[in-house]
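I have a structure I would like to understand better, so I am pasting it below and will then ask my questions one at a time.
Bear in mind these aren't lab numbers, they're just calculated from the coordinates by the rules spelled out. In this text the structure is predicted, and so the values were computed from the model without any measurement. Heads up, the Cβs are rebuilt from the backbone with ideal geometry, glycines too, and the neighbour counts pull from every protein chain shown.
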């Protein structure tokens, strides 16, 4: 029991000594901080980079300096925008200067090279020749299109001639797009014909067909003109076949 009590006393004594040492160290650090900087003293923006110039009591002063720094940051951002715009204008000016430099080089070369000067004169036509030049270009494009069509027609004719010589004409199956368009056209035709049939049914339902009406018919009308059948609605199969042929030919 005595040994345990002596151990506790020695342990508490050691801890008290440590606490005294830590308290002395804290007192020394507080004194050093007070001696380095007096709280409430004004600071400048350059002091932000030096931690030794700040004390724990300078929190408000630190906030004030940071507010000033925020204003400077806004000004820097605005200056950055202006510099970007100036840089774009400078790049445009440099591009124009490069173009002018190339023109100066060309005209300087034209003074000594007659062939090059002739080429420049051809390039810079007067307003009286511009319309003729445009017309010639349009004619050239038209002729190229016609030549291309003739070449395509010649190729197809050669292919057909080869098929006729071999006696094995090639039948190409229609593509899925062609089949889809054909069915779509068939559906459209059926819908239109159905509408026409419905309209005719409505008109027929409104007619009053009776013997009196037939008897009161004008006798001057010939029998053939009265019994002449009306071909209002074409057959759906004919329309379908025409649509399919049109899709295949396309």
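State the extension gain, in nm to one decimal, for the chain segment bounded by residue 136 and residue 94, taking 0.36 nm per residue of separation less the distance between their alpha-carbons. Mind dumping the intermediate values first?
On the way: separation 42, 0.36 × 42 = 15.12 nm, distance 3.68 nm.
Full-extension gain reported as 11.4 nm.
Now a separate question. Quick one: length gained pulling residue 202 to residue 2 fully straight, 0.36 nm per residue minus the C-alpha distance?
Separation in residues times 0.36 nm, less the Cα-Cα distance, equals 59.5 nm.
So how do 113, 58 line up by other beta-carbon neighbours within 10 Å, fewest first? Walk me through the numbers on the way to the answer.
Details: 113 13, 58 20.
If I rank by nearby Cβ atoms, fewest first, I get 113, 58.
Between residue 156 and residue 178, with labels modelled 7 Å along Cα→Cβ, what's the label distance in nm to one decimal, could you check?
In this crude spin-label approximation the distance works out to 1.2 nm.
If R0 is 45 Å, what FRET efficiency do you get for residue 82 and residue 187 from their C-beta distance, rounded to 0.05? Don't skip to the end; give the middle numbers.
On the way: r = 64 Å, r/R0 = 1.43.
Calculated transfer efficiency: 0.10.
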